[in-house]
2 protein chains.
Amino acid sequence: MITLMHVAAPLPADVSTPYLAVDLDVLDRNLRMMAASAAARGLALRPHAKTHKCLQVARRQMESGAVGLTVATISEAEVFAEAGFTDLFIAYPVWASSARARRLRALAEQVSLRVGVDSTEGARLLADAVRKTDVEVLVEIDSGHHRSGVQPRSAGEVAATAARHGLQVCGVFTFPGHGYGPGRRDKAAADEAEALEQAAAALDAAGVDARVRSGGSTPTASVADPGTLTEIRPGVYAFGDAQQVELGSCAWPDVALTAAATIVSKSGQRIILDAGSKVLGADQPTWATGGGRLPDYPHAHITALSEHHATAVFPEDRPAPRHGEIVRVAPNHVCSAVNLADELVIVSGGREVDRWAVAARGANT
Amino acid sequence: MITLMHVAAPLPADVSTPYLAVDLDVLDRNLRMMAASAAARGLALRPHAKTHKCLQVARRQMESGAVGLTVATISEAEVFAEAGFTDLFIAYPVWASSARARRLRALAEQVSLRVGVDSTEGARLLADAVRKTDVEVLVEIDSGHHRSGVQPRSAGEVAATAARHGLQVCGVFTFPGHGYGPGRRDKAAADEAEALEQAAAALDAAGVDARVRSGGSTPTASVADPGTLTEIRPGVYAFGDAQQVELGSCAWPDVALTAAATIVSKSGQRIILDAGSKVLGADQPTWATGGGRLPDYPHAHITALSEHHATAVFPEDRPAPRHGEIVRVAPNHVCSAVNLADELVIVSGGREVDRWAVAARGANT
């Protein structure tokens with residue numbers, strides 16, 4: 001993404017802190033840049049909506065060239081389907097148990113639906129749950145993150161089982177989550193392409209055409225291999241966060257979402273902010289420098305988070321801001337922060353211009 | 001708390017996972033035990049409602065002998081005041097900025113309100129914000145957690161400033177959060193008592209009577225010193241969580257709240273559950289054994305959490321449960337998990353008996 005000179009956006013002071021503020025101009029630039037980057041490589045862009053859970057952001061993504069949305073759960077899909085989005089991919093090994101089967105069937109009748117499977121058991125359950133012409137299936141592959149997904153060589157068996165039960169298998173997908181670490185991006189992107197290539201060959205050997213080969217996280221999106229992949233599914237790129245900055249995926253001026261927090265307590269070089277883990281989320285990978293960052297004070301570190309407090313420490317030679325000042329905090333992982341909020345305060349030029357509901361907040365089922 | 005033989009409570013299977021289930025009988029036993037323990041020592045019990053954010057739990061706490069509720073924010077206080085609770089303590093260094101002053105004034109007119117301050121600046125702002133006969137003030141003390149709160153010897157200055165501005169100062173409070181670590185409970189409880197004692201003496205020297213000396217976290221509540229403290233404010237004890245079990249504050253049969261999760265993917269001894277950090281919260285102190293625990297499989301460990309996946313690994317000699325099974329997951333920190341959910345599924349004898357709204361979910365301002 002592009003890096004501009006940093007100009008700190010002022011925040012509205014007449015709203016009780018803590019709240020999540022989105023700089024509309026930065027958001028729109030992020031959406032345009034990723035759409036242009038995907039288009040230039042001939043990759044379909046299917047942004048992951050779990051990051052923003054917002055109808056307004058999803059509409060802007062579709063208007064800037066996305067082919068559809070990715071979601072993580074049936075309930076997220078229900079929210080976006082209800083709002084009129086027509087092309088949804090549940091990039092998750094959907095387990096169509098009795099409690100979910102009816103919902104999945106209704107959803108599949110309503111929109112163009114793709115779902116993930118990663119086991120022969122899951123494929124059989126899915127085939128029983130839905131009308132088979134209503135869904136397309138992608139087999140999930142483990143490309144090195146070791147979470148869900150089958151090994152590439154096993155993808156043919158899952159695809160063949162799904163096809164034998166009448167499901168339409170259209171391809172394979174993976175999440176190269178092991179790219180979330182300093183210096184790991186290129187290796188993860190290479191693993192992703194290799195795993196998808198092998199899995200596509202395994203499907204081919206099983207008599208199934210893998211016309212969709214879907215990958216891509218925000219760290220790896222810029223180096224996703226268009227020789228193998230047909231589609232990318234980044235999510236965080238819309239807002240950015242402290243993790244992405246520390247990983248080098250973006251720079252501070254690209255971070256569109258920050259929490260506005262008040263300094264409620266101060267002791268020397270230690271300040272206490274009223275945005276804690278119930279606002280920022282508690283995500284903190286081992287390589288992170290703290291529990292989030294202060295974009296306007298990059299030399300300060302958040303040394304502790306509790307539910308309603310962030311402790312930030314300033315070095316001895318840098319004056320800490322004063323009691324009562326409002327500062328911006330970039331969460332480590334913006335998806336977690338958004339999922340804690342009922343609404344986002346939309347800011348342009350330091351003025352509040354709108355409020356957007358986090359429509360799919362808490363939609364985990 | 002009492003430890004019984006462990007009988008795993010079955011969970012309703014007709015609700016889409018993941019969801020948070022509360023065993024009503026265990027909850028009620030936890031509430032009774034803490035009330036009895038406080039009463040036996042002559043300590044007032046003012047449970048922290050940030051744990052449950054539920055009107056139904058708060059009512060049960062009041063019925064079993066609590067003197068009032070503790071909350072963390074003005075917006076939490078607003079939810080409980082609206083529901084008819086009349087005695088609330090905002091145990092936080094309230095910064096009564098313009099955006100908050102009006103709300104605080106309205107709240108103080110509505111209920112018997114206590115609030116925390118930890119600076120002369122904060123005290124002055126508060127005195128300007130509210131009608132001074134409507135609130136009581138407690139000075140927050142740092143007893144070793146090094147978050148908010150003044151040093152005990154500085155409490156007199158803050159109290160004197162508040163009193164000079166017409167506020168009614170009724171005492172001191174602290175949160176001995178440094179007791180959250182294996183083997184740290186007794187030292188933290190001793191620090192708490194010593195700091196409150198010193199602070200009370202500092203107020204006395206400044207001509208202010210510290211009739212309320214409030215402390216107590218769930219780990220330290222059972223050893224809080226009734227020679228010094230007059231009140232305890234535990235929160236987590238109502239539900240329990242994996243952290244409290246690993247700290248020794250309670251045992252598995254005392255854990256009333258668990259997430260019900262489905263095994264959606266499996267690879268050998270590794271299972272993937274559909275309850276991730278957006279259900280359990282991402283809290284993981286360095287001493288925790290993983291990202292939560294499976295109470296019915298204590299030998300398994302949650303080695304990774306992402307937003308919609310928990311990765312649990314079983315030792316080679318222990319068979320892992322099957323694809324599609326529903327298992328219980330105890331979050332590391334129950335306050336974070338509850339704040340992610342819109343409602344709790346209330347279970348008794350393996351049957352759903354009620355649903356309770358998380359009425360103050362997301363009430364952070």
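Filter the range A:256-272 for residues that are buried (at least 24 other Cβ atoms within 10 Å of the Cβ) and assigned to a loop (DSSP other than H, G, I, E, B) and give the result.
A:256 - this is the single residue of the range A:256-272 that is buried (at least 24 other Cβ atoms within 10 Å of the Cβ) and assigned to a loop (DSSP other than H, G, I, E, B).
Which ones in the range B:187-238 are within 16 Å of residue B:144 (Cβ to Cβ), hydroxyl-bearing (Ser, Thr, Tyr) and surrounded by fewer than 23 Cβ atoms within 10 Å (Cβ to Cβ)?
Selection gives B:228 alone.
Just checking, which of B:109, B:121 is assigned to a helix (DSSP H, G or I) and touching a His at 6+ places or on another chain (Cβ under 7 Å)?
None of the others qualify; the one that does is B:121.
Only residues that are within 11 Å of residue B:129 (Cβ to Cβ) and of a type in the set (Lys, Arg): list them for the range B:103-117, please.
Hits for the range B:103-117 are B:103, B:105.
From A:270, A:293, A:322, grab the single residue that is over 24 Å from residue B:142 (Cα atoms), in contact (Cβ under 8 Å) with a residue 40 or more places away in the chain and basic (Lys, Arg).
Unique residue meeting the criteria: A:293.
Counting only residues that are among the β-branched types (Val, Ile, Thr) and crowded, with 22+ Cβ neighbours inside 10 Å, how many does the range A:101-129 have?
Matching residues across the range A:101-129 total 2.
Look at residue A:134 and say whether it is within 11 Å of another protein chain (Cβ to nearest Cβ), under 24 Å from residue A:207 (Cβ atoms), touching a helix residue (DSSP H, G or I) at 6+ places or on another chain (Cβ under 9 Å) and acidic (Asp, Glu).
Here the answer is no, as residue A:134 does not meet what is asked.
Would you point out the residue of the range B:72-84, among those that are closer than 24 Å to residue A:309 by Cβ and away from chain A (no Cβ under 14 Å), that is surrounded by the fewest Cβ atoms within 10 Å (Cβ to Cβ)?
This residue is B:81.
I'd like to check something: does the range B:117-134 contain any residue that is under 23 Å from the mean Cα position of the chain (by Cα), assigned by the TED database to the domain that holds residue B:215 and not β-branched (Val, Ile, Thr)?
Yes, because at least one residue in the range B:117-134 is under 23 Å from the mean Cα position of the chain (by Cα), assigned by the TED database to the domain that holds residue B:215 and not β-branched (Val, Ile, Thr).
Of all residues in the range A:277-297, how many are surrounded by 22 or more Cβ atoms within 10 Å (Cβ to Cβ) and either more than 8 Å from every other protein chain (Cβ to nearest Cβ) or touching a Lys or Arg at 6+ places or on another chain (Cβ under 6 Å) (or both)?
Qualifying residue count, the range A:277-297: 5.
Please go through the range A:49-71 and give me each residue that is surrounded by 21 or more Cβ atoms within 10 Å (Cβ to Cβ), of a type outside the set (Lys, Arg), touching a residue at least 60 places away in the same chain (Cβ under 8 Å) and assigned to a loop (DSSP other than H, G, I, E, B), ordered by number.
A:49, A:51, A:52, A:54
Looking at the range A:298-328 only, could you name the residues that are within 10 Å of chain B (Cβ to nearest Cβ), among the charged types (D, E, K, R) and within 25 Å of the chain's Cα centre (by Cα)?
A:307 - this is the single residue of the range A:298-328 that is within 10 Å of chain B (Cβ to nearest Cβ), among the charged types (D, E, K, R) and within 25 Å of the chain's Cα centre (by Cα).
Which fully enclosed strands (runs of 3 or more DSSP E) of the range B:287-365 have 1 or more residues being over 30 Å from residue B:95 (Cα atoms) and touching a helix residue (DSSP H, G or I) at 6+ places or on another chain (Cβ under 6 Å)?
In the range B:287-365, the matching strands (runs of 3 or more DSSP E) lie at B:301-306, B:343-348, B:351-357.
With B:125, B:138 as the choices, which residue is touching a residue at least 60 places away in the same chain (Cβ under 8 Å) and in contact with a Gly (Cβ under 9 Å, 6 or more places away or on another chain)?
None of the other options fit; the residue is B:138.
If you check residue B:16 against the conditions, is it buried (at least 17 other Cβ atoms within 10 Å of the Cβ) and either away from chain A (no Cβ under 13 Å) or out of contact with any Leu (no Cβ under 9 Å at 6 or more places or on another chain) (or both)?
yes
I want to confirm something. Restricting to the range B:343-364 and keeping residues that are in contact with a strand residue (DSSP E or B) (Cβ under 7 Å, 6 or more places away or on another chain) and within 30 Å of residue A:14 (Cβ to Cβ), which single residue is nearest to the other protein chains (Cβ to nearest Cβ)?
B:358
Going by what's in this entry, would residue A:161 be described as assigned to a helix (DSSP H, G or I), touching a Ser or Thr at 6+ places or on another chain (Cβ under 6 Å) and hydroxyl-bearing (Ser, Thr, Tyr)?
So residue A:161 fits the description; yes.
What about residue B:153, is it over 19 Å from residue B:109 (Cα atoms), among the charged types (D, E, K, R) and surrounded by fewer than 22 Cβ atoms within 10 Å (Cβ to Cβ)?
Here the answer is yes, as residue B:153 does meet what is asked.
Anything in the range B:6-48 that is among the small types (Gly, Ala, Ser) and touching a residue at least 40 places away in the same chain (Cβ under 8 Å)? List them, or say none.
B:8, B:9, B:13, B:21, B:37, B:38, B:42, B:44
So which of B:240, B:235, B:216 is within 19 Å of the chain's Cα centre (by Cα) and at pLDDT below 95?
B:216
Among (1) away from every other protein chain (no Cβ under 14 Å); (2) outside any loop (DSSP other than H, G, I, E, B), there is one condition residue B:250 misses while meeting the rest; what is its number?
(2)
So the check is Cβ under 9 Å with 6+ separation or different chains; which pairs have a first residue in the range B:83-101 that's part of a helix (DSSP H, G or I) and a second one that's of a type in the set (A, V, I, L, M, F, W, C) and surrounded by fewer than 18 Cβ atoms within 10 Å (Cβ to Cβ)?
B:98/A:13; B:99/A:13; B:99/A:15
Condition check ((1) more than 21 Å from residue B:182 (Cβ to Cβ); (2) among the charged types (D, E, K, R)) across all residues:
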| position | (1), (2) |
| --- | --- |
| B:204 | yes, yes |
| B:212 | yes, no |
| B:216 | no, no |
| B:229 | yes, no |
| B:241 | no, yes |
| B:245 | no, no |
| B:254 | no, yes |
| B:257 | yes, no |
| B:276 | yes, no |
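Would a scan of the range B:172-182 turn up a residue that is free of Cβ contacts under 8 Å to residues at least 60 places away in the same chain and surrounded by fewer than 17 Cβ atoms within 10 Å (Cβ to Cβ)?
No: zero hits.
Go through the range B:85-111 and give me each residue that's away from chain A (no Cβ under 12 Å), over 21 Å from the mean Cα position of the chain (by Cα) and not aliphatic (A, V, I, L, M).
B:105, B:109, B:110, listed by residue number.
The values are calculated or read from the model by the stated rules, or taken from the named source; none is laboratory data. Values in this document were obtained by computation on a predicted structure and should not be read as measured data. Ideal geometry is used to build each Cβ from the backbone, glycine not excepted, and the neighbour counts take in all protein chains shown.
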